Amino acid sequence: MSLYLFALLLGVVAGLRAMTAPAAVAWGAHLGLIPLQGGPLAWLGGAIAPWTFTALAVLELVGDQLPKTPSRKVPVQFGTRIVSGAFCGAAIGATQDAWIGGAVAGAVGAVIGTLGGADVRGRLAKAFGRDLPAGLLEDVVAVGGAALIVSAV
């Protein structure tokens, strides 16, 4: 059961920041926290994937703060988050031969994270009187949450 909870929660992170969740999973695999050796996702634990996903995550964190960044709820952005959540959930599920269930849980989490994150960020931005503090707080939640989840797997 906890496997699906971790997959769901990583999906929520993907809903907040699409590239943060795969970066966390890649680092988890690289550091031996997520055992993916010998499977089709073993490449995540290699030398290249963690750094590549980290670079993409950093670019996303910066890009998210720009005023012209499109809403996370437009089809391309929303779809990317769902795919990212499903991918990360599948990686978590693969550790116990439950990659399909993990993928479904991750995709559901991504929908929750996308819609819930947009709502909470909008409320926070209104309370702060501007978006930047709300966005930075969301970044901290996404990165910190991803690190906690991966370390608990």
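The values are calculated or read from the model by the stated rules, or taken from the named source; none is laboratory data. Because the structure is predicted, anything quoted here is derived from the model rather than measured. Quick reminder, even Gly has a Cβ in these numbers, built from the backbone with ideal geometry, and neighbours come from all protein chains shown. Just the protein is used for accessible areas: all its heavy atoms, side chains included, with ligands, DNA and RNA removed. Shrake-Rupley method; radii C 1.70, N 1.55, O 1.52, S 1.80 Å.
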Among (1) in contact (Cβ under 8 Å) with a residue 12 or more places away in the chain; (2) basic (Lys, Arg); (3) more than 18 Å from Leu61 (Cα to Cα), the one test that Lys126 misses: (1)
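From Ala18, Ala26, Ala7, Ala14, grab the single residue that is closer than 17 Å to Gly144 by Cα, in contact with a helix residue (DSSP H, G or I) (Cβ under 8 Å, 6 or more places away or on another chain), surrounded by 24 or more Cβ atoms within 10 Å (Cβ to Cβ) and without any contact (Cβ under 8 Å) to a residue 40 or more places away in the chain.
Unique residue meeting the criteria: Ala26.
For the stretch 69-84, does any single residue satisfy the condition of being over 17 Å from the mean Cα position of the chain (by Cα), surrounded by fewer than 15 Cβ atoms within 10 Å (Cβ to Cβ) and of a type in the set (D, E, K, R)?
Looking only at the stretch 69-84, we keep the residues that are over 17 Å from the mean Cα position of the chain (by Cα), and these are 69-70, 74-75.
Filter once more, so that each one left must be surrounded by fewer than 15 Cβ atoms within 10 Å (Cβ to Cβ): 69-70, 74-75.
Applying the additional criterion that residues be of a type in the set (D, E, K, R) yields none.
No.
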Do we have any residue at all in the stretch 45-63 that's in a loop (DSSP other than H, G, I, E, B) and of a type in the set (Gly, Ala, Ser)? yes
Quick one: Ala47 ticks every box in (1) modelled with pLDDT under 95; (2) small (Gly, Ala, Ser); (3) open to solvent by less than 70 Å² (accessible area, probe 1.4 Å); (4) under 25 Å from Phe6 (Cα atoms) bar one, so which box is it? (3)
Quick check on Val140: is it open to solvent by 60 Å² or more (accessible area, probe 1.4 Å), under 22 Å from Leu33 (Cβ atoms) and at pLDDT 95 or above? yes
Go through the stretch 29-41 residue by residue and tally those that are in a helix (DSSP H, G or I) and either without any contact (Cβ under 8 Å) to a residue 12 or more places away in the chain or touching a Ser or Thr at 6+ places or on another chain (Cβ under 6 Å) (or both). 0
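Quick check on the stretch 71-84. Is at least one of its residues in a helix (DSSP H, G or I), within 17 Å of Ala110 (Cα to Cα), of a type in the set (Lys, Arg) and in contact (Cβ under 8 Å) with a residue 12 or more places away in the chain?
yes
Identify the residue in the stretch 109-123 that is open to solvent by less than 70 Å² (accessible area, probe 1.4 Å) and touching a residue at least 24 places away in the same chain (Cβ under 8 Å) and, among all such residues, is farthest from Cys88 (Cα to Cα). Before you say what the answer is, go through the steps one by one.
First, pick out the residues of the stretch 109-123 that are open to solvent by less than 70 Å² (accessible area, probe 1.4 Å): 109-111, 113-114, 116-118, 121-122.
Subsequent filtering for residues that are touching a residue at least 24 places away in the same chain (Cβ under 8 Å) retains 109-111, 113-114, 116-118.
Values: Gly109: 11, Ala110: 10, Val111: 14, Gly113: 14, Thr114: 15, Gly116: 19, Gly117: 18, Ala118: 21 Å.
Looking at residues that are open to solvent by less than 70 Å² (accessible area, probe 1.4 Å) and touching a residue at least 24 places away in the same chain (Cβ under 8 Å), I get Ala118.
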